[in-house]
1. I'd like the carbon and sulfur percentage of the solvent accessible area for the stretch B:27-68, probe radius 1.4 Å, heavy atoms only, ligands and nucleic acids excluded.
2. Mind checking the per residue accessible area of the stretch A:3-55 for me, 1.4 Å probe, whole number of Å²?
3. Evaluate the Kirkwood expression for the hydrodynamic radius of the stretch B:129-185, namely the inverse of the mean inverse distance over all pairs of different C-alpha atoms, and round to one decimal in Å.
4. Choose one of B:Ser159, B:Leu187, B:Tyr149: the residue whose Cα lies farthest towards the positive end of the charge dipole of the stretch B:105-196 (beta-carbon charges +1 Lys, Arg; -1 Asp, Glu; about the Cα centre).
5. Under the definition of partner shielding as Cβ atoms of other protein chains within 10 Å of a residue Cβ, what is the mean value for peptide A:63-75?
6. Could you name the lysines whose alpha carbon sits less than 26 Å from that of B:Lys166, not counting residues in the same chain fewer than 8 places away?
7. What is the set of long-range amide H partners of B:Tyr149 at a cut-off below 5 Å, with H atoms built 1.01 Å from backbone N?
8. Rounded to the nearest 100 Å², what's the accessible area chains A and B bury against each other, both chains counted, probe 1.4 Å?
Amino acid sequence: MDPQNLNSVDEDLVAAYVDGDVTTEERQRVEAAMAASEQVAWEVNTLRQTVQLLQDMPSVPLPRSFTLTEDQVADVLQERRSLAKVEPPPPRQVDVSEDTVWQRLLRFLNGGDLALRNAAALAAVLLLLVFVAEFQLQRTQFGPPSGDSEQLSSAAPAPQAQVTAVGGSLSGQADSGAGSSQATAAEGSGQEDEEPVFGVMSTGEEEQRTAGSEQEPVAAAPVQPEKSSPAVESSRQQLTGSESAGPSGQPWVTVFRYARILLVLAVIVLWLLSRTRSGRGRA
Amino acid sequence: MDQDNLIERSLQGDLEAFNQLVIEYQGLAYGVAYRLLDDPDSAADALQDSFIKAFRALENYRGGNFKSWLMRIVVNTCYDHLRSRQRKRTESLDDMPVEDEYVTVLTDRSESPQEYAERRELQALIGSAITSLPEVLRTAIVLRDVEGYAYEEIAEITSAAVGTVKSRINRARGRVRDYLSKNAELLPAVYRHSLE
């Protein structure tokens, strides 16, 4: 190709001319160069004919359809479908965020089978009634509250709680209380000091053995009453009183004790059953 | 249906929506694959792989020209098949040129047996000329002169600058012309004289 023509008509311009993508001025430039040089004319014409041959190539018919089947992309499909399902709708997200702990607790308690839940509630109410009745019984047994007992209200609970909560040890407590009162009496009179000694020995037998002295328990026994406060003294009086009221209140105490245990069990079992039934219902 | 809607549904696991896109573009894509690979079976395999890849990679589609995005996958998959075929190439009978089935389908009933034979030879010659080109030149000339894509689209598909694309097309046209000139006796008379 003539170097002069190459300068005036470069490759890009020839390509644009072949594509028909030139301005009037550019077309005139190319055609002028073609007229001036056979080489440029050959270059442009052969390229144009080559492009024409390529464009005349027949289109290729599809041998088959290339649509995808589920098997070909099963893993991706499963992932996308699960993601599409997992995403919760926006309103529900707002509800969850607004839930307080109290609301969740109420929803939890309200769940379960209604009939069994009501039965559990009834058992709970009965349990409460038993507690109230038991309290009333103790009040009637111990008599109406006096000025002393009001003073004791803060100090006396320990022995009283033992009496009510550990119902089975009521008589034992009463016995030991009686023993203590006897010890107090013996301290004053100096008679029958063997009984309180045995009482102490039965509880502090091991200490006595390790000490290796038989005199110490005897000496220790009188020490306890000396240490006892006015509150303990009053509790002793109460226990003595309960001992005297024991024969009439004892059957009721036993009845209340078993009723309490049964009702606690009933509340737990019925509530658990209600939850289980509701779980099965959902499943 | 709206193309964006089909893509969105495809992303949610709606295969039917994606298959509508496949139906829309499979003709164009098969033409490119066939010209790049010059073999119907290889083209079919490459195209099937391309659509599977496209479905899997749909999360990476960031909008824009979906056709260009899809064709880029098709072209790259064809490159993979070309390289794989070059590695496996042996002197077995399987590699011998086979009859193009589609040519029989497209037979013009009005042409004579002589004309039919010449047309087949011409198409085979042009196919050979394209196949003789390096990958990037082959892609550029197929997309531009055979399939009719715009320069900008080709630049997008091949991830190259428009200037680079133009340059590749010029070089590819020159090489094809030179290839045909060497086999001018197979060209129709109207082309033979000018190319000689």
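1. Answer for the stretch B:27-68 is 44 percent, counting heavy atoms of protein chains only.
2. Values: 2980 Å² over 53 residues.
It amounts to 56 Å² per residue over the stretch A:3-55.
3. Its Kirkwood hydrodynamic radius stands at 11.3 Å.
4. About the Cα centre, the residue reaching furthest to the positive side is B:Ser159.
5. 6
6. Output for B:Lys166: B:Lys67, B:Lys182.
7. HN-HN under 5 Å from B:Tyr149: B:Arg144.
8. Using a 1.4 Å probe on protein heavy atoms, the buried area is about 4000 Å².
The values are calculated or read from the model by the stated rules, or taken from the named source; none is laboratory data. Since the model is a prediction, treat every value here as computed from it, not as a measurement. With ideal geometry, Cβ positions are generated from the backbone for all residues, glycine too; neighbour counts draw on all protein chains shown. Calculation scope for accessible area: heavy atoms of the full protein, side chains included, ligands and nucleic acids excluded. Shrake-Rupley method; radii C 1.70, N 1.55, O 1.52, S 1.80 Å.
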